[in-house]
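To keep things clear, I will list the structure first and then write my remarks on it.
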Amino acid sequence: MTILVTGSSGHLGEALMRTLRAAGRDAVGLDARPSPWTDVAASVVDRDAVRAGLRGATAVIHAATLHKPHVATHPRQAFVDVNITGTLNLLEAAAEAGVKAFVFTSTTSVFGRALAPPPGAPAAWIDEDVRPIPKNIYGVTKAAAEDLCELMQRRTGLPVIVLRTSRFFPEADDDRQLRDAYADANAKANEFLFRRLDVEDVVGAHLAALEAAPRLGFGRYVVSATTPFAREDAAALGTDAPAVLAARVPQFVDVYADLGWSMFPTLDRVYDNARARADLGWAPAYDFAHVLERVASGEAPISPLAQVIGAKGYHAETFRDGPYPVEA
């Protein structure tokens, strides 16, 4: 199986290419930016380049995208061009080429306003049954691209799996209040409870989806670290998250005290990955308990793969008030 990986110079793309090549699998990287992991330097908007990249490929992982950090710096049309037209180009070319499996990297950002209950309300329990309500051009275009995936599968029979990934980037948070209140490692460890996963597990989800696609035909899945919380915790998480965590993972209290860390006082959402684990046979390793063990023993909370890739950033320039400007 030869796998075309789009976005191969990016964080996830590099992680995929490193993993595939280390396993001796044939992989072709396509990205608008040259890198050691990119074989075809071209945009997914370029139909001819997409067709050329697909020659000989039997599977596609489409990770190329404009991200949320680009919302305030790129025109909306660029999001339409890359996230919608680029995805359509790949889907059509993949169907024409008789590709056996297509995995599309989407985002939990498609849920948008569904992720923000009012203060004091129960945390939103986010699984595949929640209706997306995108709140910016990034979410709108990724949701539209998901629908294109479903349409093309229905019309052509191309097996397509959509993975709605939560945050896995190592860059600092865009929320200045959060950056000021918590050490970066503390904040990210907290996020493994409800809205983060390690890039090693993201790669695992994509490879599991490739294998499952011919059997499933089509599916959309939430991909995040396995939470220790249950749906019945949602109300209490909206008012006293540390108390719920102490009941579910009591060892966190001593570990956090030793590190001088603190838990967020409340949570606004929890991503539930149960369906992805069941349907795809995906077994993520980096849940909160595993991260807790690592930091308690003095290790980095992230995987060796995440460490070797490091932070890439999203812009050539730097910004005074954060890693990227946030749309007002």
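The values are calculated or read from the model by the stated rules, or taken from the named source; none is laboratory data. Please read all numbers here as calculations on a predicted model, not as lab measurements. Glycine gets a Cβ as well: all are built from the backbone with ideal geometry, and neighbour counts include every protein chain shown.
For the range 172-188, which positions are outside any helix (DSSP H, G or I) and either aromatic (Phe, Trp, Tyr) or touching a Lys or Arg at 6+ places or on another chain (Cβ under 8 Å) (or both)?
ALA172, ASP173, TYR182
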Exercise. Pick out the one residue from PHE79, PHE102 that is buried (at least 23 other Cβ atoms within 10 Å of the Cβ), of a type outside the set (Val, Ile, Thr), in contact (Cβ under 8 Å) with a residue 60 or more places away in the chain and farther than 17 Å from ARG155 by Cβ.
Key: PHE79
Self-check item: Which listed residue, of VAL99, VAL130, VAL80, VAL103, is at pLDDT 95 or above and either in a helix (DSSP H, G or I) or not β-branched (Val, Ile, Thr) (or both)
Solution: VAL80
Practice problem: Report yes if ALA230 is within 30 Å of ARG21 (Cα to Cα) and either in contact with a helix residue (DSSP H, G or I) (Cβ under 7 Å, 6 or more places away or on another chain) or surrounded by fewer than 21 Cβ atoms within 10 Å (Cβ to Cβ) (or both), otherwise no. | Solution: no
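Look through VAL44, VAL110, VAL28, VAL5 and report the one residue that is in contact (Cβ under 8 Å) with a residue 12 or more places away in the chain and surrounded by fewer than 23 Cβ atoms within 10 Å (Cβ to Cβ).
Just one listed residue meets the conditions, VAL28.
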Quiz item: Among the residues of the range 259-271, is any surrounded by fewer than 19 Cβ atoms within 10 Å (Cβ to Cβ), more than 19 Å from ARG196 (Cβ to Cβ) and at pLDDT 95 or above?
Solution: yes
Quiz item: How many residues does the range 133-157 hold that are within 18 Å of the chain's Cα centre (by Cα) and either part of a loop (DSSP other than H, G, I, E, B) or β-branched (Val, Ile, Thr) (or both)?
Solution: 7
Quiz item: Based on what the data block shows, is ALA289 within 20 Å of PRO170 (Cα to Cα), modelled with pLDDT of 95 or more and either among the small types (Gly, Ala, Ser) or surrounded by fewer than 21 Cβ atoms within 10 Å (Cβ to Cβ) (or both)?
Solution: yes
Exercise. State whether the residues of the range 140-151 include one that is modelled with pLDDT of 95 or more, crowded, with 16+ Cβ neighbours inside 10 Å and basic (Lys, Arg).
Key: yes
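Yes/no matrix, rows are residues, columns are (1) of a type outside the set (A, V, I, L, M); (2) under 20 Å from the mean Cα position of the chain (by Cα); (3) not in a loop (DSSP other than H, G, I, E, B):
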residue: ASP254; (1), (2), (3): yes, no, yes
residue: ALA283; (1), (2), (3): no, yes, no
residue: HIS290; (1), (2), (3): yes, yes, yes
residue: VAL295; (1), (2), (3): no, no, yes
residue: LYS312; (1), (2), (3): yes, yes, no
Exercise. State whether the residues of the range 189-202 include one that is part of a strand (DSSP E or B) and touching a residue at least 12 places away in the same chain (Cβ under 8 Å).
Key: yes
Practice problem: Can you tell me which residue within the range 114-128, out of those that are over 18 Å from the mean Cα position of the chain (by Cα) and surrounded by fewer than 23 Cβ atoms within 10 Å (Cβ to Cβ), is farthest from VAL44 (Cα to Cα)? | Solution: GLY120
Practice problem: Evaluate the range 244-252: report whether one residue or more is of a type outside the set (A, V, I, L, M), free of Cβ contacts under 8 Å to residues at least 24 places away in the same chain and assigned to a loop (DSSP other than H, G, I, E, B). | Solution: yes
Quiz item: Which condition number does THR65 fail, the rest of (1) in a loop (DSSP other than H, G, I, E, B); (2) crowded, with 23+ Cβ neighbours inside 10 Å; (3) free of Cβ contacts under 8 Å to residues at least 24 places away in the same chain being met?
Solution: (3)
